[in-house]
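A short write-up of the structure that comes next.
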Amino acid sequence: MSLIFYAIPPSLYAAKSRIVMRAKGLEWDERLPPGGYGNSIYKEIIPSGTLPAIMEDGFRLTESEAINEYLNETHPYPPMLPEGLRARATARSLSRFHDTRLEPVLRTMFAHVAPADRDADHVTRQAELFNERLAQLARLIKPAPYLTGEDLSLADCGYPITFSMLTRLAPELGIKITWPAIVSAYFASLKEHPIVAEELESYLPAVDAWVRSETE
Ligand SMILES: N[C@@H](CCC(=O)N[C@@H](CS)C(=O)NCC(=O)O)C(=O)O
């Protein structure tokens, strides 16, 4: 198996790239970063020390967005970007919204999952910001039922993971999420997609284990 995939089970961005590998019908050799990510042993293999990362015939690549674009070009079927220059640009923009606007807000709450480490005011502020970002997303999208139409595209891959993580963390953190109807319907469609469902089936237990390790 020539495609090596470095990941840890609860990594959001690893799950985002796994959706593409599954959609393309790929096989991969998934490995934990030796010594943990950020560790010097791992940095000898992947200089940034970050996850996810792929290695294929000596070619190394990090950043889920770049990985997903690369896999979409090296394995063109099924295509995961729409036809049309502007449609593709929009798909990339929506994926960037996930990576730069939505998920990073959720991430700021990870260090507060353990009750002993929680700053409740910080969590409340970040939950409000997350709700603002969801409202912003609702203004940006017209799912049909996916972001670029009937087929799952690169634009969609981050959202089911972040939404699922949020759903799992909200009761732990005691936050109220205001789901705009359009986003809620989009999340429901994502969960029904067989490829997304397959990834969530293995990803959610990993998230659960991580949450339990923080809270028990
Ligand atoms: N922009 C990156 C974000 C990935 C990310 O945040 N990875 C975390 C693990 S889930 C990481 O590598 N953290 C270590 C670090 O930032 O040094 C991507 O899309 O791949």
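The values are calculated or read from the model by the stated rules, or taken from the named source; none is laboratory data. Keep in mind that this is a model prediction, so the values were computed, not measured. All Cβ positions, even for glycine, are placed from backbone atoms using ideal geometry, and neighbour counts span all protein chains on display.
Tabulated data for the structure shown
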| read-out | value |
| --- | --- |
| Unmet criterion (only one of (1) surrounded by fewer than 13 Cβ atoms within 10 Å (Cβ to Cβ); (2) under 18 Å from the mean Cα position of the chain (by Cα)) for Ile141 | (1) |
| Members of region 13-53 that are without any contact (Cβ under 8 Å) to a residue 60 or more places away in the chain, under 22 Å from Pro160 (Cα atoms) and either assigned to a helix (DSSP H, G or I) or touching a Lys or Arg at 6+ places or on another chain (Cβ under 9 Å) (or both) | Ala14, Met21, Trp28, Glu30, Pro52, Ala53 |
| Residue in region 55-64 that is in a loop (DSSP other than H, G, I, E, B) and surrounded by fewer than 16 Cβ atoms within 10 Å (Cβ to Cβ) present | yes |
| Qualifying residue in region 57-74 (condition: more than 16 Å from the ligand (Cβ to nearest atom), out of contact with any His (no Cβ under 8 Å at 6 or more places or on another chain) and under 26 Å from Asp151 (Cα atoms)) | yes |
| Cβ pairs under 8 Å, 6+ apart, first in region 122-137 and assigned by TED's automatic domain parsing to the domain that holds Arg96, second polar (S, T, N, Q) | His122/Thr108; Gln126/Thr108; Asn131/Thr178; Leu134/Thr178; Ala135/Thr178 |
| Residue in region 84-95 that is charged (D, E, K, R), touching a helix residue (DSSP H, G or I) at 6+ places or on another chain (Cβ under 8 Å) and within 16 Å of the ligand (Cβ to nearest atom) present | yes |
| Filter result for Ile54 (β-branched (Val, Ile, Thr) and over 23 Å from Glu103 (Cα atoms)) | no |
